[in-house]
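Working notes, structure below.
The values are calculated or read from the model by the stated rules, or taken from the named source; none is laboratory data. Just so it is clear, the structure is predicted and the values come from calculations on it, not from any experiment. Positions of Cβ are generated from backbone atoms using ideal geometry, with glycine treated the same way; all protein chains shown enter the neighbour counts. Each accessible area value is taken on the protein alone, full model and side chains, heavy atoms only, with ligands, DNA and RNA left out. Shrake-Rupley method; radii C 1.70, N 1.55, O 1.52, S 1.80 Å.
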Amino acid sequence: MRNRAFRIFTLIGLLAIFLYACDGGKNASKSSARKDSLLSTYLTLEDSVQKQWSVMIADDDDKYTLMKRLLLEVSYTNNYDKDRFEELNELVDQLKAMRYDQKSMSNSAMIDAYDSATFDLCDQIIVYARNHPRYDDFPLMSELIDDINGKNNYILMHRIHYDTWVKELNAFKKKHRKKLMTADPEIEAESMPLFELPS
């Protein structure tokens, strides 16, 4: 009788341990799933930020190409100011070198300086092309000027789209910072800078 009771209690004990282990496994599984979901959301937001940045920078690079192409079109006339041509080409290269990146853009003065230099150089190149005596004989010059002005008009839109994604990412990091850092200590904890000036 005692042996039988002992066996029953042992079975109940083992069953309780088994059930507790299963429940603990479920909780661990839920915790792991939450952690994976958190990282997945973070990576999706970060990917959206980087894609928008790439689109914006590619558009800027296209503008450099258009400016150089317009200068080249002027050179096809075989009657142009070569010194001014070389100077403007060099200024395009210098402009690209002074462009901000995702960290240095925290310095709004750098963005202002870049924007000012960009618009000024675009104007200089456009005036250089339009003042050429054979401007009307080369219709591609007019098309290239329209394309350059179009790229300049897109700048604000690109920056608004970029800021929208960065704001979402920053808000998500702020809300889940501790959990994100626990899940992956390599995650950049600091908020990313915006084009939009703080109000």
*How do the pairs read when you match residues in the range 74-95 that are over 18 Å from Arg130 (Cβ atoms) with residues anywhere that are β-branched (Val, Ile, Thr), using Cβ under 8 Å and keeping only pairs 6 or more apart or on different chains?*
Leu95/Thr118
_Answer from Ile125, Ile145 - the residue that is more than 16 Å from the chain's Cα centre (by Cα), surrounded by 14 or more Cβ atoms within 10 Å (Cβ to Cβ) and touching a residue at least 60 places away in the same chain (Cβ under 8 Å)_ = Ile145
*Return a yes/no flag: does the range 46-58 have any residue that is in contact with a Ser or Thr (Cβ under 9 Å, 6 or more places away or on another chain), surrounded by fewer than 16 Cβ atoms within 10 Å (Cβ to Cβ), within 30 Å of Ser142 (Cα to Cα) and not polar (S, T, N, Q).*
no
*Inside the range 163-198, can you point out the residues that are among the acidic types (Asp, Glu), closer than 21 Å to Ser37 by Cα and in a loop (DSSP other than H, G, I, E, B)?*
Asp184, Glu186, Glu188, Glu190
*Before we move on, is Met192 in contact with a helix residue (DSSP H, G or I) (Cβ under 9 Å, 6 or more places away or on another chain) and closer than 22 Å to Ile57 by Cβ?*
yes
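Does Leu180 count as more than 17 Å from Gln102 (Cα to Cα), at pLDDT 95 or above, of a type outside the set (D, E, K, R) and out of contact with any Gly (no Cβ under 7 Å at 6 or more places or on another chain)?
Taking the combined requirement at face value, the residue does not satisfy it.
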*asked:* Regarding the range 8-24, can at least one residue be identified that is under 22 Å from Glu143 (Cα atoms), modelled with pLDDT under 95 and open to solvent by 50 Å² or more (accessible area, probe 1.4 Å)?
replied: no
_Being within 14 Å of the chain's Cα centre (by Cα) and either surrounded by 13 or more Cβ atoms within 10 Å (Cβ to Cβ) or closer than 27 Å to Leu45 by Cβ (or both) is true for just one of Lys167, Lys151, Lys175. Which residue is that?_
Lys167
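Can you say whether Phe172 is closer than 26 Å to Asp62 by Cβ and at pLDDT 95 or above, as far as the supplied structure shows?
no
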